Amino acid sequence: MSPDAPAEHVITPMPEPTGTIGHIVGLVRTKGLRYCLVAAVNVVVGQALLFALQGAFGPVWANVLAVGISSIPAYYMNRSWVWGKTGKSHMRKEVAPFWGFTLAGLALSSLAIWILKHFTQDKLAVGFVQLVAFGILWVVRFFVLDKLFHVEVYEDDTPDPA
């Protein structure tokens, strides 16, 4: 190598994070994208329903209907595609936590929409407020559901009968 030539620049990869941070990074890499895609589909469906139903039911009831309808496919998409679960759903470890978060988001978004309707009836503003309310719970739900959907099921802890 001549004295005028630049020295070779060697890039050393950063070590993978370990511990809790490593677990979170790995989780986001493996399931986070799928979770985001399911959320994107749910947002499109939910916002379309919210927008369409507001004329007939008003913003708060349109929100209740939109959330109720769009949450059903969101549950099954999350369960099968994000967490790879098949077979019967487990009431305590899958269904109840998912719907608990959904009802919390519904309550928070309905309250926000009820407050907003005193200032405006703009459909886009209603949609934005609903997104913000659900967005607050979205990240928390990912980590809680991941923990619950991967609990070992033992013989005395079988899924609830249909």
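The values are calculated or read from the model by the stated rules, or taken from the named source; none is laboratory data. In this text the structure is predicted, and so the values were computed from the model without any measurement. Cβ coordinates were reconstructed from backbone atoms using ideal geometry, including for glycine residues, and neighbour counts include every protein chain displayed.
Cβ-Cβ under 6 Å, sequence separation 6+ or interchain: first residue in segment 68-96 and of a type outside the set (Lys, Arg), partner exposed (fewer than 15 other Cβ atoms within 10 Å of the Cβ). Which pairs? Once the first residue is of a type outside the set (Lys, Arg) and sits in segment 68-96, its partners that are exposed (fewer than 15 other Cβ atoms within 10 Å of the Cβ) give Met91/Asp160. Checking Pro73 against (1) at pLDDT 90 or above; (2) over 16 Å from the mean Cα position of the chain (by Cα), which test does it fail? All conditions are met except number (2).
Number of residues in segment 99-109 that are surrounded by fewer than 19 Cβ atoms within 10 Å (Cβ to Cβ) and either touching a residue at least 60 places away in the same chain (Cβ under 8 Å) or among the hydroxyl-bearing types (Ser, Thr, Tyr) (or both) equals 0. Filtering segment 59-77 to residues that are among the β-branched types (Val, Ile, Thr) and closer than 16 Å to Ile113 by Cβ leaves Val60, Val64, Val67. Applying the condition of being of a type in the set (D, E, K, R) and assigned to a helix (DSSP H, G or I) to segment 118-145 and asking which residue is surrounded by the most Cβ atoms within 10 Å (Cβ to Cβ) yields Arg141.
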